[in-house]
Amino acid sequence: MVNIVINSIIKFVLVKDEIEIRNYLKYKNHQLQGRYLTNESLFKLDFSKDLKSKGKSVNKLPIYYLKLGNGPIKILVWSQMHGNETTSTRALLDLITFLNIYGSNYLKKISLHVVPILNPDGALNYTRTNFNGIDLNRDALVLSQPESILLNEMYHSINPHFCFNLHDQRSIYSVSNSKKSSVLSFLSPSVDEMKSDTDSRIKSMKIISSIEKKLNKLIEGHISRFKDDYNANCVGDTFQSLGTPTILFESGQYGLDYSRENTRNYMCIALITAIKSIASENYDLNDYNSYYSIPLNEEFFFDILLRNIKISKNNTFERVDIGVYFNETLDKKTKKITFSPVISKIGNLKLMTGHKEIDFSNNHIIHEITNENLVEFIKNV
């Protein structure tokens, strides 16, 4: 049902002459499905012959690189530095196909330097960290890992004019304290503790403003701004502080679409919008202060919210709300991701929202709910 709604939006709401909207299903890489994406997945794609190994991970897996275009404006893009964050990678690979088919004019103005999977060990094991258990997005200063060293070397050798840092965010995020989930989130990273508006930050803000204007026509109210607390250990903060406009892209949750195929669509359009904005330099027409009008990411969502459920307590009963999150795990046999519910919070959760909500106000049974019986309980309600 969600797919039907989203496809209808894409077909009918936006301006019809925008080819990235009209022809999305033509350039989407349909062979990439599901949340599990590894180096092996890359070789299902038509442009896989253009991939070159640029280095090795801790566990000696190749880290692939791809260059498109020969324009003077250089953009460095990396994805999946957290191995279990694959939605933005799928969107990035769709972007590459789009540019190969429709992007000849843009590729005269830009050159796109792409690392689709920076953390192939984490991708293979579906973990945030690399093989050594290190979060690569907290290794920008120490550069203790081969993946971090490689990205840093590429940054200095390419000397890009812009950087795109692609991630997925958890399903807990809302747009401010609203009942709308954060489907896409963006950040112009800070360069210091004061969060100074430097030239590089302002450029990033203006590009994000271009993206927000376009995507808000598609998913109005579902776009947010990541908090900009400075962390010198983060790659985006580091590159921004070196004077390169850097943008953090985050793919989030939309309804019950846990495959995140709809989010993938929107993230791809966001990336195309950023490319077009840079190639045309139209982003410079934006007032960067509009960036600060984008609502902040907040944590007001559960995957499942059981409302007004009757439970026993101290030889009596009370009605409470139960917030449930999903733990994501890799089934190594099927190579698919399973989502296991876990109780996160019990109490008065009126300010919270669930991607799925079940109201027990008219149910007078006293329930005994534990993590052990949660899966069966949810199946039966």
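The values are calculated or read from the model by the stated rules, or taken from the named source; none is laboratory data. Predicted, not measured: the structure shown is a model, and the values here were computed from it. Every residue, glycine as well, gets a Cβ built from its backbone with ideal geometry; the counts of neighbours run over all protein chains shown.
Here are the numbers:
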item	result
Output for segment 109-143, where each listed residue is among the hydrophobic types (A, V, I, L, M, F, W, C), farther than 15 Å from Pro62 by Cα and over 18 Å from the mean Cα position of the chain (by Cα)	Ile110, Leu112, Ile134, Ala140, Leu141, Val142, Leu143
Tyr292 in the same structural domain as Thr89 (by TED's automatic domain parsing), under 30 Å from Ser204 (Cα atoms), touching a Leu at 6+ places or on another chain (Cβ under 7 Å) and not in a strand (DSSP E or B)	no
Residue identified as surrounded by fewer than 20 Cβ atoms within 10 Å (Cβ to Cβ) and either within 30 Å of Asn371 (Cβ to Cβ) or at pLDDT below 95 (or both) among Tyr254, Tyr230, Tyr258	Tyr258
Wholly enclosed strands (runs of 3 or more DSSP E) of segment 26-123 bearing at least 1 residues among the β-branched types (Val, Ile, Thr) and either in the same structural domain as Thr273 (by TED's automatic domain parsing) or at pLDDT 95 or above (or both)	62-68, 73-79, 110-115
Any pair with Cβ under 8 angstrom, 6 or more apart, that starts in segment 28-51 at a residue that is β-branched (Val, Ile, Thr) and ends at one that is crowded, with 17+ Cβ neighbours inside 10 Å and at pLDDT 95 or above	Thr38/Ile117; Thr38/Pro120; Thr38/Ala123; Thr38/Leu124
Strands (runs of 3 or more DSSP E) wholly inside segment 127-209 that include at least 3 residues being touching a helix residue (DSSP H, G or I) at 6+ places or on another chain (Cβ under 8 Å)	162-168, 184-187
Within segment 328-342, tally of residues that are in a strand (DSSP E or B), without any contact (Cβ under 8 Å) to a residue 24 or more places away in the chain and over 17 Å from Lys379 (Cβ atoms)	1
Qualifying positions in segment 343-381 - under 26 Å from the mean Cα position of the chain (by Cα), over 22 Å from Gly34 (Cβ atoms) and assigned to a strand (DSSP E or B)	Ile343, Ser344, Lys345, Thr353, Gly354, Glu357
Enumeration of residues in segment 172-201 that are within 18 Å of the chain's Cα centre (by Cα) and surrounded by fewer than 22 Cβ atoms within 10 Å (Cβ to Cβ)	Ile172, Tyr173, Ser176, Lys180
Segment 302-323 - residue that is under 14 Å from Phe377 (Cβ atoms) and touching a Phe, Trp or Tyr at 6+ places or on another chain (Cβ under 6 Å) and, of those, surrounded by the fewest Cβ atoms within 10 Å (Cβ to Cβ)	Lys310
